Each structure stands twice: as C-alpha cells, then as structure tokens.
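The values are calculated or read from the model by the stated rules, or taken from the named source; none is laboratory data. Quick caveat: nothing in here was measured; it's all calculated off a predicted structure. As a convention, Cβ positions derive from the backbone with ideal geometry for all residues, glycine included, and neighbour counts pool all protein chains shown. Note: areas computed on protein heavy atoms with side chains; ligands, DNA, RNA excluded. Shrake-Rupley method; radii C 1.70, N 1.55, O 1.52, S 1.80 Å.
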Amino acid sequence: QVQLVESGGGLVQAGGSLRLTCAASGSIRSVNIMEWYRQAQGKQRELVAAITRGGSTNYADSVKGRFTISRDNSKNTVYLQMNSLEPEDTAVYYCAAEVVRQYTLGPRDYWGQGTQVTVSS
C-alpha cells in the first residue's frame, strides 16, 4: 500500500508564507510526477504546480512567481513553498503522485487527504 501525507497548512495573513510538505510512503519502487492541487469551497479542483522526477516544473498562472515546487527523490517528498499569499489562495491543498509500487509494472495515481490553507485579509 502507498500513502501520501500532507502537512504544513494553516492560517496566515495576506502577504505571508507557508510551506506544504507531502511525503509518500509504503511499498514504492519509484515516484514519477508529483503535483499539488487545490480546491476552494464551491469551486472545482485545480492544478497548482507539478514537478517531474527530473525536476522540470509547471505552475498555474495564478501562482507563478509566488509559489515554488520542489522535491527530494531520496525521501519521496514534494514541497510547495507559498509566498505572498492572497485570500484567493484559500483552499484545501492536495498532493498527488504517480507511483510505481514494488513488484508491479505500471504506475498508479495516489492522493493525499488534503490540508487546509486559509489566508486572511
């Protein structure tokens, strides 16, 4: 079994910073792309940032220049550094990863349970 566990959410004032962490654990052979999504109340889930195993990154236009995604392949962990936070960034943030499990051939997608980020004005 594979688990993704997020941490680092919380309440912050506008202009502040938070760092989210997501660690994958279990019977893992390799982790391919790792992503952060968010879902604000009453809205659809949206992709915030993604990073490949080789370190290539992609960001939603709304967070470019403010958020930075990174990863530690030795720990199967992905981070999201969020700076200059705005009230519009308030949402539940989810980690997702494409994982190849031990003794299997194909990758599968796994999701974390989500962590709340609230930005007050």
Which strands (runs of 3 or more DSSP E) sit wholly inside region 65-120 and have at least 3 residues that are without any contact (Cβ under 8 Å) to a residue 24 or more places away in the chain and either within 15 Å of the chain's Cα centre (by Cα) or over 17 Å from Arg53 (Cβ atoms) (or both)?
-> 67-72
Return yes when Arg29 is in contact (Cβ under 8 Å) with a residue 12 or more places away in the chain, open to solvent by 40 Å² or more (accessible area, probe 1.4 Å) and part of a loop (DSSP other than H, G, I, E, B) and no when it is not.
-> no
Is there any pair linking a residue in region 37-61 that is more than 19 Å from Leu4 (Cβ to Cβ) to one that is of a type in the set (D, E, K, R) and open to solvent by 80 Å² or more (accessible area, probe 1.4 Å), with Cβ under 9 Å and at least six apart or on different chains, and which?
-> Ala40/Glu88
In region 44-71, what residues are in contact with a strand residue (DSSP E or B) (Cβ under 8 Å, 6 or more places away or on another chain) and among the charged types (D, E, K, R)?
-> Arg45, Glu46, Arg53, Arg66, Arg71
